[in-house]
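Single-structure report; data block below.
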Amino acid sequence: MNPLYLKISRRLVPLLILLYLVAFLDRVNISFAALTMNRDLNIGDNLFGLAAGMFFLGYFLFEVPGNLMLLRVGARRWIMMLMVAWGLLSMATAFVPGPAMYILLRFLLGSAEAGFYPGVILYLTFWLPPSVRSSIMAWFVTAIPLSNLIGAPVSNAILLHVHSAGLHGWQWLFILEGAPAVLLGVLVLFLLPDRPEHVNWLTAKEKQTLQIDLDPSAGKHSNTPHSLLQALTAQPSVYLWSLAYFCFALGLYGLGFWIPLVLKSHGMRPESLGWAAALPYLAAIFVMILWSRSSDRHRERRFHLTAAYLAAAAGFLLAAFAPSAMIAIAGFAVAACGILAAMPVFWSASTVRLAGPMVAAHIAVINSIGNLGGFFGPVAMGWLRQTTHSYVAGLASMAVCLACGALVAALLLKPSSTMIAAKETPAPSGDL
């Protein structure tokens with residue numbers, strides 16, 4: 001990688017990975033809390049799916065305004081406010097008296113987190129040209145498998161072994177995993193710069209080089225916030241990108257919310273669930289980084305994106321019809337590799353295709369509409385589980401949706417469209 005972008009990535013990406021790790025853990029740790037919380041609060045599979053999905057309803061409503069607010073107040077202050085808010089809401093979940101308050105807090109948590117992920121995607125376009133963005137996005141997205149790789153055994157250990165002050169293990173899980181968001185939110189004020197021109201660790205020549213490299217893409221992004229109406233009257237292709245991301249989100253949160261419960265249904269012992277649920281994400285880390293580097297090196301998005309979607313679909317089918325927990329884990333591993341390999345390629349392709357003065361709104365629209373998959377997926381999965389008394393129908397439905405996502409992605413990136421390579425600067429030599 002170009003030394004300039006290696007320098008920028010080393011400064012910014014580790015902190016962003018840590019922030020996203022905490023964010024993702026706070027949204028999916030209910031998958032382990034549910035192992036005992038559902039019994040204590042009298043929550044069935046259908047209600048659990050609804051509560052899991054309510055996060056994304058709040059996410060949908062507040063994501064576009066959130067990304068426009070980042071442009072208005074700056075990344076540093078906005079991300080700080082979001083993290084403190086969602087950390088406190090996550091901790092408050094420990095004290096819900098019943099299902100109604102639990103569902104409300106999930107909605108509020110999604111509202112608070114809505115501006116973070118699309119904000120980071122936009123933030124990276126201020127610092128990195130398209131030719132390296134997929135690789136850097138892959139490193140950022142490692143927060144998802146890392147949050148599961150670290151969070152799954154930690155969450156399971158808290159659930160099983162931390163019981164004090166009259167609180168259950170699931171209550172301590174929310175308290176102990178929500179507190180880091182508040183602490184890190186305060187640190188963001190001091191550690192995260194808003195723009196390249198605000199830092200002293202880049203020389204004047206490096207800033208000039210960066211500005212030249214960004215001009216074909218991020219240089220066209222307006223710093224002036226646009227209205228919500230303008231965002232929602234975006235060019236039609238934005239909604240096709242949103243549909244592709246909707247299919248992706250179904251799979252991503254199908255993994256995040258249901259792996260422990262599916263493995264438990266295969267008879268896996270509670271003390272083994274943490275590490276078993278983490279294994280699929282260990283494989284996904286390496287596949288995701290290698291796949292995104294391949295996409296950047298060849299400046300090719302269509303095959304890399306559609307193949308990743310189809311691999312995820314195959315993994316869910318294997319997990320759906322698995323006769324044992326070990327085969328289900330293998331299926332989830334294939335699904336995790338496909339889903340997480342798709343993510344950085346998706347955003348690299350979409351941000352280049354939609355580059356322009358409305359890119360902040362476009363990113364937010366795609367992520368907000370797309371993440372409704374995180375609402376409908378858990379709700380449908382919970383209903384199918386409660387209706388059929390099996391996870392087969394739900395997992396197979398996710399496979400079908402991911403196959404549809406592959407078709408939409410292939411249409412969006414068809415060769416007859418303006419080629420991505422023509423819009424991107426030449427790929428840098430060297431590896432990340």
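The values are calculated or read from the model by the stated rules, or taken from the named source; none is laboratory data. All values derive from a computational prediction rather than experimental measurement. We place every Cβ from the backbone using ideal geometry, glycine too, and count neighbours over all the protein chains shown.
Any idea which of (1) buried (at least 19 other Cβ atoms within 10 Å of the Cβ); (2) more than 25 Å from W258 (Cβ to Cβ); (3) among the small types (G, A, S) is the one S147 doesn't satisfy?
So S147 meets the others, but not (2).
Is there any pair with a first residue in the range 82-99 that is closer than 16 Å to W170 by Cβ and at pLDDT below 95 and a second that is surrounded by fewer than 18 Cβ atoms within 10 Å (Cβ to Cβ) and among the polar types (S, T, N, Q) whose Cβ atoms are under 8 Å apart and which are 6 or more apart or on different chains, and what are they?
G98/N42; P99/N42
Among the numbered conditions (1) of a type in the set (A, V, I, L, M, F, W, C); (2) within 26 Å of G66 (Cα to Cα); (3) modelled with pLDDT under 90; (4) surrounded by 15 or more Cβ atoms within 10 Å (Cβ to Cβ), tell me where L228 comes up short.
Of the numbered conditions (1) of a type in the set (A, V, I, L, M, F, W, C); (2) within 26 Å of G66 (Cα to Cα); (3) modelled with pLDDT under 90; (4) surrounded by 15 or more Cβ atoms within 10 Å (Cβ to Cβ), the odd one out for L228 is (4).
Please go through the range 321-330 and give me each residue that is in contact (Cβ under 8 Å) with a residue 60 or more places away in the chain and not β-branched (V, I, T), ordered by number.
Matches in the range 321-330: F321, A325, A328.
Considering only residues that are of a type in the set (V, I, T) and not in a helix (DSSP H, G or I), which ones fall in the range 1-53?
I43
Which ones in the range 306-339 are under 16 Å from L282 (Cβ atoms) and not aliphatic (A, V, I, L, M)?
Of everything in the range 306-339, those that are under 16 Å from L282 (Cβ atoms) and not aliphatic (A, V, I, L, M) turn out to be G315, G331, F332, C337, G338.
Can you confirm whether the range 55-74 contains a residue that is more than 16 Å from V262 (Cα to Cα), surrounded by 22 or more Cβ atoms within 10 Å (Cβ to Cβ), at pLDDT below 85 and out of contact with any Leu (no Cβ under 9 Å at 6 or more places or on another chain)?
For the range 55-74, residues more than 16 Å from V262 (Cα to Cα), surrounded by 22 or more Cβ atoms within 10 Å (Cβ to Cβ), at pLDDT below 85 and out of contact with any Leu (no Cβ under 9 Å at 6 or more places or on another chain): present.
Could you list all residues from the range 264-278 that are surrounded by fewer than 22 Cβ atoms within 10 Å (Cβ to Cβ) and either within 14 Å of A322 (Cβ to Cβ) or of a type in the set (D, E, K, R) (or both)?
Those that are surrounded by fewer than 22 Cβ atoms within 10 Å (Cβ to Cβ) and either within 14 Å of A322 (Cβ to Cβ) or of a type in the set (D, E, K, R) (or both): K264, S265, H266, G267, M268, R269, E271.
Tell me, please, whether a residue that is over 26 Å from L255 (Cα atoms) and among the hydroxyl-bearing types (S, T, Y) can be found in the range 86-104.
No; the residues of the range 86-104 include none that is over 26 Å from L255 (Cα atoms) and among the hydroxyl-bearing types (S, T, Y).
Only one of G49, G44 is touching a helix residue (DSSP H, G or I) at 6+ places or on another chain (Cβ under 7 Å), over 30 Å from H198 (Cβ atoms) and surrounded by fewer than 17 Cβ atoms within 10 Å (Cβ to Cβ); which?
G44
List, please: which pairs have Cβ atoms under 6 Å, are six or more places apart or on different chains, and start with a residue in the range 108-121 that is assigned to a loop (DSSP other than H, G, I, E, B) and end with one that is surrounded by fewer than 24 Cβ atoms within 10 Å (Cβ to Cβ) and among the hydrophobic types (A, V, I, L, M, F, W, C)?
If the second residue must be surrounded by fewer than 24 Cβ atoms within 10 Å (Cβ to Cβ) and among the hydrophobic types (A, V, I, L, M, F, W, C), the pairs left are A114/F62.
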